[in-house]
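For reference, the structure is listed below as structure tokens.
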């Protein structure tokens, strides 16, 4: 029986999940920040805030996506 944990397809799916979390979080934060800045006329305030919030959300999601691959030490 082949070991499915070493499959190259599984690795490609993991890379796809990681990139979508990070890129999606950053793009969502930028677009939401630009939209709020145009509504309230506070040019860089919401853009920077939501960019950082989107980046941190993407990194949080990435950490939880790769946590099963880190081994028993990281889950404690």
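The values are calculated or read from the model by the stated rules, or taken from the named source; none is laboratory data. In this text the structure is predicted, and so the values were computed from the model without any measurement. So basically every Cβ, Gly included, is an ideal-geometry build from the backbone, and we count neighbours across all protein chains shown.
Here are the numbers:
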| quantity | calculated |
| --- | --- |
| Candidate set from segment 5-26 (those that are modelled with pLDDT under 90 and either in contact with a helix residue (DSSP H, G or I) (Cβ under 7 Å, 6 or more places away or on another chain) or surrounded by 10 or more Cβ atoms within 10 Å (Cβ to Cβ) (or both)); member that is farthest from residue 58 (Cα to Cα) | 7 |
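Here is a yes/no grid of residues against (1) part of a helix (DSSP H, G or I); (2) touching a helix residue (DSSP H, G or I) at 6+ places or on another chain (Cβ under 7 Å); (3) more than 22 Å from residue 11 (Cα to Cα):
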| position | (1), (2), (3) |
| --- | --- |
| 34 | yes, yes, yes |
| 38 | yes, no, yes |
| 46 | yes, yes, yes |
| 50 | yes, yes, yes |
| 55 | yes, yes, yes |
| 60 | yes, no, no |
| 67 | yes, yes, no |
| 71 | no, no, no |
